[in-house]
1. May I ask you to list pairs of residues, at least six apart or on different chains, whose Cβ atoms are under 9 Å apart, with the first in region 342-355 being at negative phi and the second being assigned to a loop (DSSP other than H, G, I, E, B) and aromatic (Phe, Trp, Tyr)?
2. Just to be sure, is GLU351 more than 14 Å from LEU199 (Cβ to Cβ) and modelled with pLDDT of 95 or more?
3. Return the total of residues in region 193-220 being surrounded by fewer than 19 Cβ atoms within 10 Å (Cβ to Cβ) and outside any helix (DSSP H, G or I).
4. Would you pick out the residues in region 137-179 that are out of contact with any Phe, Trp or Tyr (no Cβ under 9 Å at 6 or more places or on another chain) and modelled with pLDDT under 95?
5. State which residue is surrounded by the fewest Cβ atoms within 10 Å (Cβ to Cβ) when the search covers only region 143-173 and only residues that are among the aliphatic types (A, V, I, L, M) and without any contact (Cβ under 8 Å) to a residue 60 or more places away in the chain.
6. What number of residues in region 124-164 are under 19 Å from ILE174 (Cβ atoms) and not in a helix (DSSP H, G or I)?
7. Of the residues in region 294-310, how many are in contact with a strand residue (DSSP E or B) (Cβ under 9 Å, 6 or more places away or on another chain) and outside any loop (DSSP other than H, G, I, E, B)?
8. Residues that are surrounded by 15 or more Cβ atoms within 10 Å (Cβ to Cβ), free of Cβ contacts under 8 Å to residues at least 60 places away in the same chain and in a helix (DSSP H, G or I): does region 247-262 have at least one?
Amino acid sequence: MSEDELPDAANVAFALSDLPKAVALRPKGRQGFLTGWSFCAGHRALDRPVKRTYTPVVKLRRRELIVTLVLGLLVVPPADEAEQAGKVPRIAFLTTTSPESSPTTDAFRRGLRDLGYVEGQNLAVEWRWGRGSTERFPDFVAEAVRLKVDLIVAANDPAGYAAQKATKTIPIVIALMGDPVGSGFVASLARPGGNITGLTGQGLDLIAKRLQLFKEAVPNVSRMALLLDMSSRVSKLAMKEAEGAARVLGVQLQPREISKPSDLDTVFASIIREGAHAVFTAGGTMFYANRGQLADHALRSRLPMACDSAESVEAGCLMTYATSLTDLFRRAAAYVDKILKGAKPADLPVEQPTKFELVINLKTAKALGLTIPPVLLLRADRIIE
């Protein structure tokens, strides 16, 4: 073999593996069992023959070997890139609801499936359920950060507050924001500008319209209790909107603050004691998550109640005029898809609702001895009988 030729790579690799680190390789004519190659470590020559022979299979010239090695480096991806390519994205989903009764979460799952995501195959989801309360959201978010999730989905404002406080780097999608700019979630609807984006239900904008329709349903009511979910940053703004609309309609409102589900017993006792004739909820995730309990209190107290979601009317509330929450949560899945594919929350505009519903529960009206005006029934998008 000439000096321009090398032994096959397998035998060279074997010889190298038997030597200490920082070993230099130098040509030495045709001497030695390694066909003209000897090894030296520092200044100590290792001329002792390596007791292993080889049978040349492929002979490569020095130039050909260099080209082969360079091409190999170009073709074979680095280990971290290969690992990243096979990684299943992981997201966290934080909600006030319970797994056994969550139409909004079911809608989100449908949205993911429509986009080709299959949980457990090409997407991992860390579900965290508040089960009627917002108190554990900080713990849920801290856990999501420790798990190094790729994205956090916050079902509502309180979950969004907790996520916003915990991280400025993990993308956050809030499925239902009350007042995105006023609450400090985004800089503007068109350009969120941070790590948060999502959808708004325009809940504040709908309060006056919902109160107007409620007054049409119960025209003789002049005094109403106003329920405020104090876990929401927009509860005070909601009260101002409701009070402004009430003055125009000639209705007196009696605000009642609720911080946890257990407050409902005391609150309804005070409503009855102070002589309110109806109940109006200004919105809030706690009311949604405890909608069945809320409707039961109103029915037992013989009080018609206007709520802020169709699901609450299905649970026994008299009526609502509100955004379709299931539509918002289904559309939230599209944000997840875009961000997992590389989009930045700062560049994804906050979406506003496109679907509103007037829903009336005639079964509840009958139980309360109420007759809903036919004109209002004709305007309803859905009637529950």
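The values are calculated or read from the model by the stated rules, or taken from the named source; none is laboratory data. Keep in mind that this is a model prediction, so the values were computed, not measured. No Cβ is skipped: glycine too gets one built from the backbone with ideal geometry, and neighbour counts run over all protein chains shown.
1. These pairs meet every condition: VAL350/PHE185.
2. Values: more than 14 Å from LEU199 (Cβ to Cβ): no; modelled with pLDDT of 95 or more: yes.
Criteria not met by GLU351.
3. Count: 5.
4. Hit for region 137-179 is GLY178, nothing else.
5. LEU147
6. 18
7. Number of matching residues: 9.
8. Scanning region 247-262 turns up at least one residue that is surrounded by 15 or more Cβ atoms within 10 Å (Cβ to Cβ), free of Cβ contacts under 8 Å to residues at least 60 places away in the same chain and in a helix (DSSP H, G or I).
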